[in-house]
Amino acid sequence: MAKPIVAIVGRPNVGKSTFFNYIIGEKISIVEDKPGVTRDRIYADTNWRGKSFTLVDTAGIEEKSDSIIETSMREQVEIAIDIADVIVFVTDIKQGVTEADKEISILLRKSKKPIVLVCNKSDNFGNTNNDIYEFYNLGIGEPFAVSSVNASGIGDVLDEIYKKFPNQDEEENEEDIVKVALIRKAKCWKIITCK
Ligand SMILES: Nc1nc2c(ncn2[C@@H]2O[C@H](COP(=O)(O)OP(=O)(O)OP(=O)(O)O)[C@@H](O)[C@H]2O)c(=O)[nH]1
Ligand SMILES: [Mg+2]
């Protein structure tokens with residue numbers, strides 16, 4: 001089976017690329033040096049607990065003052081939903097839940113894809129931060145407190161992503177099943193196998 005795809009989505013400036021770079025940085029040195037980084041989606045392969053997957057950063061989306069959610073942002077989220085096996089929805093705990101976060105949540109919930117909700121910029125990780133409870137209102141599930149600049153909380157997010165990967169054992173077993181047919185031709189039996 002192909003590697004699972006994990007897409008990072010969220011409003012501009014919440015720290016998606018910082019989160020992406022931290023995870024990829026230890027494995028692929030300079031993601032930022034590739035051309036078109038600021039405009040295109042950025043793909044990089046990585047692994048967690050021995051499981052390989054492709055991480056996708058959705059980048060460079062501008063919010064305009066005349067609408068809460070820019071068309072291009074909606075497109076980015078929709079593309080991510082289409083391609084991803086697991087979606088990481090990054091929010092900013094310092095800003096709290098915004099209208100755009102709520103709109104993105106509606107799109108994500110409709111997709112029925114597995115989602116991991118990240119409250120980035122939780123720089124005082126370890127201290128009780130009541131601000132995180134507000135994020136339960138998005139209806140996505142448990143929010144994970146992360147500080148991408150301090151590299152805290154990221155392991156828990158990766159564990160959660162790992163749990164949400166499609167069950168590959170089942171799929172691989174299915175692929176391994178060999179169907180056998182016995183066909184009688186003249187006076188001989190012929191064995192035909194197919195996957
Ligand atoms: N305090 C704090 N700042 C952060 C954290 N993560 C990212 N930032 C800062 O937030 C700003 C935006 O970070 P980016 O990673 O570029 O955000 P983005 O979501 O990729 O932004 P777009 O590509 O424009 O959508 C930068 O100044 C980062 O240094 C964090 O955990 N804590
Ligand atoms: Mg970015």
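Do the alpha carbons of any pairs in Lys16/Lys112; Lys51/Lys112; Lys112/Lys163; Lys3/Lys51; Lys3/Lys121 sit beyond 19 Å of each other, and which pairs? Among Lys16/Lys112; Lys51/Lys112; Lys112/Lys163; Lys3/Lys51; Lys3/Lys121, the Cα-Cα distance tops 19 Å for Lys16/Lys112; Lys51/Lys112; Lys3/Lys121.
Applying 0.36 nm per residue to the separation of Ser52 and Lys3 and subtracting their alpha-carbon distance, the gain on full extension is 17.0 nm.
Every number here is computed from the coordinates shown, using simple stated rules; none is lab data. Treat the numbers as computed from the prediction; the structure is a model and nothing was measured.
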